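Below is one structure, written out as structure tokens, with a few remarks after it.
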Amino acid sequence: ARKKQNFPISALLVHGPAGTGKSHLVRQISARAGYNLVQITAADILDVRVSSPFDWILKKSLQMPSDDEFADHPSEPIVDTVLFFVDIDVLLASDEVADLESQRKVLIQFEQMIDSLKSALPKALNTIVVIGCSNSPGSIGPSTRKLFEREVSIDFPDSDARFNFLRQQIRASQKESS
């Protein structure tokens, strides 16, 4: 039987100014950890064709043990997943900003998804991590921010970090072309 990866947190909020590479960082970490990345935008959540998008996301992502005799040998490979909410501040505006009933509904559904995730993860076969990226975390209400176990602030890199990043990218592209 496969040993489940232990990830110290299940929900992380990454924030900083636009253009600091938050999304790129999340993609790189997911890839290096071998996690499946499910990128979710506000348009995905607000799609009228899906009546309960957060439930749909969880059902597609959580892999629960079955009661059948083949429980130790699941037919599908177990896939650890990062649910990556891009510009989560657009979805989770604070209560003061969320005047519309639809916005309040999205807030409630997101909170329910996080609660469901936290209760289901100990029994799940796979690991799921929720990461939200925001350019303006102040627009997310305090009660919603508490759902995220950690917050990471990413600022613009200094000139040395930018130089090193560009040098790595050039080397990587040179290796690919040779």
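The values are calculated or read from the model by the stated rules, or taken from the named source; none is laboratory data. Please read all numbers here as calculations on a predicted model, not as lab measurements. Just the protein is used for accessible areas: all its heavy atoms, side chains included, with ligands, DNA and RNA removed. Shrake-Rupley method; radii C 1.70, N 1.55, O 1.52, S 1.80 Å.
One table, with the values for the structure above:
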item	result
Area accessible to solvent at residue 102, 1.4 Å probe radius, in Å²	70 Å²
Backbone HN-Hα couplings from phi across region 164-169 [Karplus 6.51/-1.76/1.60, Hz, Gly and Pro as x]	5, 4, 4, 4, 5, 5
Length added when fully stretched, residue 101-residue 162, from 0.36 nm per residue minus Cα-Cα	17.6 nm
Debye equation applied to the C-alpha atoms of region 128-178, log10 I(q)/I(0) at 0.15, 0.22, 0.24 Å⁻¹	-0.67, -0.85, -0.91
Heavy atoms of residue 23: accessible area, 1.4 Å probe, square angstrom to 10	30 Å²
